[in-house]
Amino acid sequence: SQKIEQNSEALNIQEGKTATLTCNYTNYSPAYLQWYRQDPGRGPVFLLLIRENEKEKRKERLKVTFDTTLKQSLFHITASQPADSATYLCAPGGYQKVTFGTGTKLQVIP
Amino acid sequence: DVKVTQSSRYLVKRTGEKVFLECVQDMDHENMFWYRQDPGLGLRLIYFSYDVKMKEKGDIPEGYSVSREKKERFSLILESASTNQTSMYLCASSLWAGSSGEEQYFGPGTRLTVT
């Protein structure tokens with residue numbers, strides 16, 4: 001069955017540094033991969049989408065890579081800020097639906 | 001802005017009760033989804049719908065049913081609530097079905113406790 005793995009432990013990072021979050025998947029060949037941010041007690045909010053024929057996507061301080069050979073996506077936040085502290089979910093997807101990972105909790109320390 | 005609203009933020013029900021969770025979106029989206037979110041298990045898809053009166057089972061449909069009589073409204077029904085259905089329930093919508101990966105817009109969630 002499909003398996004989505006994200007860093008199970010929280011990631012603590014100093015303000016101003018680059019945070020890198022990992023998403024690995026197995027038994028799956030997604031057509032695209034989405035990343036969401038979730039704050040405590042709230043629903044996830046969409047951040048970025050990358051398709052299988054794209055290697056990299058950027059949006060402001062965010063960068064996503066997608067390596068279909070390694071079956072892995074990396075999510076980078078450059079110049080991180082305390083306001084970036086949240087849980088980040090990856091969601092590989094195909095026709096009609098996506099499968100969510102369990103998320104990585106990021107804490108940016110001032 | 002797309003708005004997805006859910007009928008309750010918090011709900012407490014007794015074992016065996018029939019529970020209705022309502023979700024409404026205001027952007028004429030084709031797709032609507034119901035997920036539950038539990039610590040360590042992440043978001044799991046219960047049911048989704050790609051059109052009025054159409055529904056598809058997700059990964060964990062047992063113990064649940066859904067109804068979509070109007071495009072903007074998607075209801076999740078727990079026929080006979082059990083304690084293992086205590087969870088956070090999240091509704092989402094997206095523009096249309098397909099493999100292009102339309103982003104999903106989520107509601108605020110309903111935290112359901114079954115005692």
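Every number in this text was worked out from the coordinates using simple rules, so none of it is lab data. What you see is a predicted model; the values in this text were computed from it and never measured. Glycine gets a Cβ as well: all are built from the backbone with ideal geometry, and neighbour counts include every protein chain shown.
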Estimated inter-spin distance, residue B:1 and residue B:86, nm [label 7 Å along Cα→Cβ]: 3.3
Other protein chain Cβ atoms within 10 Å, averaged over every residue that makes up A:62-70: 0
Antiparallel %, DSSP beta bridges [both residues in chain B], to 5: 90
Simple spin-label estimate for residue B:57/residue A:9, 7 Å along Cα→Cβ, in nm, reads 3.9
Just the ratio, please: alpha-carbon radius of gyration of chain B over 2.2 N^0.38 Å, N its number of residues. 1.00
Here FRET efficiency (C-beta to C-beta, residue B:79 to residue B:41, R₀ 30 Å, nearest 0.05) is 0.85
Of the options A:33, A:18, A:53, report the single residue whose Cα projects farthest towards the positive end of the charge dipole of the range A:1-65 (beta-carbon charges: Lys, Arg +1; Asp, Glu -1). A:53
With springs only between Cα atoms under 10 Å, which of B:42, B:16, B:63 fluctuates most in a Gaussian network model of chain B? B:42
How far apart, in nm, are the 7 Å Cα→Cβ label points at residue B:26 and residue A:95? 3.5
Among A:60, A:52, A:15, whose mean-square fluctuation peaks in a Gaussian network model of chain A (Cα, cutoff 10 Å)? A:60
Where Lys and Arg each count +1 and Asp and Glu each count -1, what net charge lies around residue A:26 among other residues with Cβ under 15 Å from its Cβ? 0
Could you pull out the pairs from B:13/B:55; A:71/B:55; A:63/A:97; B:3/B:70 whose alpha carbons sit more than 19 Å apart here? B:13/B:55; A:71/B:55; A:63/A:97
When the dipole is taken about the Cα centre of the protein assembly as shown, and only Lys, Arg (+1) and Asp, Glu (-1) are charged at their Cβ, what size is it in debye, to the nearest 20? 220
Given a Förster distance of 22 Å, the FRET efficiency implied by the Cβ-Cβ spacing of residue B:9 and residue B:69, rounded to the nearest 0.05, works out to 0.40
Dipole moment magnitude, nearest 20 debye, the range B:4-97 about Cα centre, only Lys, Arg, Asp, Glu C-beta charged: 240
Mind checking the mean number of beta-carbon atoms from other chains within 10 Å of the Cβ atoms in A:91-99? 6
With residue B:87 itself left out, Lys, Arg at +1 and Asp, Glu at -1 over residues whose Cβ is under 15 Å from its Cβ give +2
How crowded by other chains is A:41-51, given as the mean number of beta carbons from other chains within 10 Å of each beta carbon? 5
